[in-house]
Amino acid sequence: GQSLEQPSEVTAVEGAIVQINCTYQTSGFYGLSWYQQHDGGAPTFLSYNALDGLEETGRFSSFLSRSDSYGYLLLQELQMKDSASYFCAVRKVTGGGNKLTFGTGTQLKVEL
Amino acid sequence: GAVVSQHPSRVICKSGTSVKIECRSLDFQATTMFWYRQFPKQSLMLMATSNEGSKATYEQGVEKDKFLINHASLTLSTLTVTSAHPEDSSFYICSASPRTGAYEQYFGPGTRLTVT
C-alpha cells in the first residue's frame, strides 16, 4: 500500500519560518509535489522535487531525501495569507499516466 | 495560463437523481484529466483518471457505474454522479495535465455536491 504522513496542524507567528514534514511509503516513486489549499478552494501547485536536495521558489522551498522517503516544505517570512492547508503528494507513473497520491494534509495557522 | 474551470460550483440535488459536473481546461489542451473527492478536513482522494477518447481508469473501491466519466475532447471532461445518495455529498475536484508524463496538474475550483 501507500501512505503519506504529515503533521495535522502547525501554528506559527507572522514573519517566522515554518517547516512541514512529509514521510511516505510507496512503490514506483517519481517525485514529491506540494500543494496549498485555502478553505473551499482549489489546490494550487507550490513545488516539485524529483531529485534529492532543495528547490527554492521565492518564500517557499521544498526538500527531498529519497533514501529516507522524506521531504519537507519550508515557508519563510510567514504572512497571514499563508494560513491554509498544505498537502504533499507523491507522483507515480503508471500505464495510465501520472497519478498523484496526496498526504493527510497539514493545517497551518499563522498568528500575529 | 493553465486555468481549469468547473461547473457548477455548488449543486443540491435530491436522493436518487443524477448530477453532472463539467471540468474544462480553458487555455491548454488536457491529454489527461483527473477526478478527486474531498471530505471536510480530509485529503484529496483520486477517483479516476481519464484520457481523451478512451475509457476512464477508476481507483480501487470507486464504482464506475455510479461515477460516470466522459472525456470527449481535449478540453472537457464530465463526471456524472448517478442515483446520488446523501453519502455522495462531498467536494469534487478535477485536475488537468497539459501533456502525457507531465508532473504538473492544474486544479479546478471544485464542486460542492449536497444530496438531500
Problem set entry | Whichever residue in the stretch B:22-37 is of a type in the set (A, V, I, L, M, F, W, C) and crowded, with 23+ Cβ neighbours inside 10 Å and, among such residues, is farthest from residue B:50 (Cα to Cα) | B:23
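One line per residue, one yes/no per condition, for (1) crowded, with 17+ Cβ neighbours inside 10 Å; (2) modelled with pLDDT under 90; (3) away from every other protein chain (no Cβ under 14 Å); (4) within 29 Å of residue B:90 (Cβ to Cβ):
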site	(1), (2), (3), (4)
A:6	yes, no, no, yes
A:13	no, no, yes, no
A:23	no, no, yes, yes
A:27	no, yes, yes, yes
A:39	no, no, no, yes
A:67	no, no, yes, no
A:87	yes, no, no, yes
A:105	yes, no, no, yes
A:112	no, no, yes, no
For this session: Only residues that are within 14 Å of another protein chain (Cβ to nearest Cβ) and either farther than 19 Å from residue B:57 by Cα or polar (S, T, N, Q) (or both): list them for the stretch B:74-103, please.
Result: B:77, B:90, B:91, B:95, B:97, B:100
Seminar exercise, completed: The correct count of residues that are open to solvent by less than 10 Å² (accessible area, probe 1.4 Å) and out of contact with any Lys or Arg (no Cβ under 8 Å at 6 or more places or on another chain) in the stretch B:89-107 is 6
Exercise. If you take the residues of the stretch A:41-65 that are open to solvent by 50 Å² or more (accessible area, probe 1.4 Å) and aromatic (Phe, Trp, Tyr), which of them is farthest from the other protein chains (Cβ to nearest Cβ)?
Worked result: A:63
Exercise. Given the conditions (1) within 13 Å of chain B (Cβ to nearest Cβ); (2) in contact with a Lys or Arg (Cβ under 8 Å, 6 or more places away or on another chain); (3) open to solvent by 60 Å² or more (accessible area, probe 1.4 Å), and given that residue A:77 satisfies all but one, which numbered condition is not satisfied?
Worked result: (1)
For this session: Being over 22 Å from residue A:110 (Cβ atoms) and among the aromatic types (Phe, Trp, Tyr) is the filter here, so list the residues in the stretch A:1-56 that pass it.
Result: A:24, A:29, A:30, A:48
Problem set entry | Filtered residue count, the stretch B:38-60, keeping only those that are closer than 16 Å to residue B:109 by Cα, within 8 Å of another protein chain (Cβ to nearest Cβ) and open to solvent by 60 Å² or more (accessible area, probe 1.4 Å) | 1
Exercise. Quick check: anything in the stretch A:96-107 within 16 Å of residue B:107 (Cβ to Cβ), in contact with a Lys or Arg (Cβ under 6 Å, 6 or more places away or on another chain) and basic (Lys, Arg)?
Worked result: yes
Seminar exercise, completed: Of the residues in the stretch B:41-57, those that are under 29 Å from residue A:38 (Cβ atoms) and not small (Gly, Ala, Ser) number 7
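The values are calculated or read from the model by the stated rules, or taken from the named source; none is laboratory data. Keep in mind that what you see is a predicted model, and the values were worked out from it rather than measured. Methodologically, a virtual Cβ is constructed for each residue, glycine included, from the backbone with ideal geometry; neighbour enumeration extends over all protein chains shown. Just so you know, the surface numbers come from the protein's heavy atoms only, side chains and all, with ligands and any DNA or RNA stripped out. Shrake-Rupley method; radii C 1.70, N 1.55, O 1.52, S 1.80 Å.
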